[in-house]
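Take a look at the structure below.
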Amino acid sequence: MFENRSYQKELLDEPDIQKDLLFQNLKELDIINKYLGGHAISLQGLKKVMTDKSKTYKIIDIGCGGGDSLKAIARWARDEQYKINLAGIDLKQDCIDYAQKTCSAFPEIGFYCDDFRNVFSTIRDIDIVHASLFCHHFTEDEIIGFIRFCNKNKTVFVINDLERNPVAYYAIKFITRLFSKSPLVKNDAPLSVLRGFKKKEWHVILQNAGIKNYLVKNCFAFRHLVIIYPNE
C-alpha cells in the first residue's frame with residue numbers, strides 16, 4: 001500500500017461540495033497545519049529564498065484553499081519585517097469567498113478564482129510560487145509540467161507536501177477519527193498520505209523536469225520541503 005502512490009481522487013477534488021462541508025474542511029486543515037507544523041515548514045522554505053529585506057517579494061499561493069497558509073506567511077512577514085505582496089489562487093469560488101472573509105485583516109493578501117496553470121498570465125512579476133498540501137493532488141507528469149512552467153518564468157517554487165509513510169498514515173487516521181467533525185477530512189487526510197511522495201520520487205520528478213538547482217528536505221510530521229530554483 002505504501003510502495004506506490006495512490007491516484008484515488010480525494011473528496012475535496014470533487015467539483016460540487018456542499019458549502020458547510022467545505023468550510024468545515026478548510027477550518028480543520030488550518031488547525032492541522034498550525035499544530036502539526038505545516039505552516040512552519042513553508043516559512044522555513046521562504047526564509048531560505050527571501051534573502052533581501054529591502055526587496056518587496058510577490059508570493060503566490062496556488063491551491064490556496066481557505067487562505068490559512070497566506071495568513072501564516074503574512075503574520076511571519078510582519079513579525080520579521082519582510083516586505084511582501086501576497087495572493088492566493090484557487091479553482092473553487094467557495095474557497096475564495098471563505099478565504100477573503102477569514103483574511104480580511106490582511107490587506108496585503110489578494111485572491112483570484114482561476115486554475116493555477118493560468119497563474120503567470122493572471123498575475124505579473126511573480127517572485128515565488130508556494131504550494132502547501134497541493135502537489136499530491138496531481139500526477140507526476142502534471143507536476144513536472146508546472147515545475148517547467150515556473151522554471152520558464154524564472155520563478156522560485158516552494159513546495160510543502162506529505163511523505164508517504166505508514167506511521168503518518170495510521171497516525172492521521174487515528175487523529176482525524178478521534179477529533180475531526182469533517183467527513184472530508186476523515187476521508188481525505190489518510191488518503192492524502194497515500195497520494196504523497198517518497199524523497200527519492202521528488203528527486204526523479206525534479207530531474208525529469210530538467211531542474212539543476214533544488215533542495216528536498218525531510219521535515220517534522222512526515223513532510224517534505226522542496227525548493228526549486230530556476231535554471232540560469
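Throughout, read-outs are computed from the coordinates displayed, never taken from laboratory work. Just so it is clear, the structure is predicted and the values come from calculations on it, not from any experiment. Because the Cβ atoms are built from the backbone with ideal geometry, glycine has one as well, and the counts that use them run over all protein chains shown.
The local environment of Phe120, defined by Cβ-Cβ distances under 13 Å, has a net charge of +2 under the rule Lys, Arg +1 and Asp, Glu -1.
For His130, the residues whose modelled amide H falls within less than 5 Å of its own, excluding neighbours fewer than 5 places apart on the same chain, are Ile60, Asp61, Ile62, Val158. Which residues does a label at Asn218 reach in the range 138-170, if reach means a backbone N under 13 Å from a point 7 Å past the Cα toward the Cβ? Within reach of a label on Asn218, which here means backbone N under 13 Å from a point 7 Å along Cα→Cβ, the range 138-170 contributes 163-168. Based on Cα contacts under 8 Å between residues 6+ apart, the range 123-203 shows a relative contact order of 34 percent. Taking amide hydrogens as placed 1.01 Å from N in the peptide plane, the amide H of Lys83 sits under 5 Å from those of Tyr57, each at least 5 positions away in sequence or on another chain.
Averaging the sequence gap over all C-alpha pairs within less than 8 Å and six or more residues apart, then dividing by the number of residues, gives the range 11-229 a relative contact order of 22 percent. Sorting 8-16, 88-96 by their mean Cβ neighbour count within 10 Å, with the most densely packed peptide first, gives 88-96, 8-16. Each residue of the range 193-200 was assigned a 3J(HN,Hα) from its phi angle through the Karplus curve 6.51 cos²θ - 1.76 cosθ + 1.60 (θ = phi - 60°); the sequence is 4, 5, 8, x, 10, 8, 4, 5 Hz, with glycine and proline shown as x. Distance cut-off 30 Å, Cα to Cα: go down the list Lys47/Lys101; Lys101/Lys212; Lys34/Lys152 and report the pairs above it. Checking Cα-Cα distances, Lys101/Lys212; Lys34/Lys152 exceed 30 Å.
If I stretch the segment between Asn165 and Glu232 completely, what's the gain in nm (0.36 nm per residue apart, minus their alpha carbon distance), one decimal?
Working: separation 67, 0.36 × 67 = 24.12 nm, distance 3.46 nm.
That works out to 20.7 nm of additional length.
The fraction of Cα-Cα pairs per 5 angstrom bin, counted from 0 for the range 74-175, comes to 2, 10, 17, 21, 19, 15, 12, 5, 1 percent, rounded to whole percents. Of all aspartates and glutamates in the structure, the ones whose alpha carbon falls short of 20 Å from that of Lys173, not counting any fewer than 8 places away in one chain, are Glu3, Glu10, Asp13, Glu28, Asp30, Asp161, Glu163, Asp188. Listed values for the range 34-41 are Karplus-derived 3J(HN,Hα) couplings in whole Hz (6.51 cos²θ - 1.76 cosθ + 1.60, θ = phi - 60°), namely 6, 8, 9, x, x, 5, 4, 5, and x replaces Gly and Pro.
Need the full-extension length gain, Asp20 to Tyr35, defined as separation in residues times 0.36 nm minus the C-alpha distance. One decimal, nm. Kindly include the intermediate steps, with their values, before the conclusion.
Values: separation 15, 0.36 × 15 = 5.40 nm, distance 2.29 nm.
Value of the extension gain: 3.1 nm.
By the count of other C-beta atoms within 10 Å, a proxy for reagent exposure, Val185, Val119, Val226 are ordered fewest to most as Val119, Val226, Val185.
Backbone phi angles across the range 159-173, fed through the Karplus curve with coefficients 6.51, -1.76 and 1.60 (θ = phi - 60°), yield HN-Hα couplings of 10, 10, 8, 7, 8, 7, 8, x, 5, 4, 4, 6, 5, 6, 5 Hz in residue order; Gly and Pro are listed as x.
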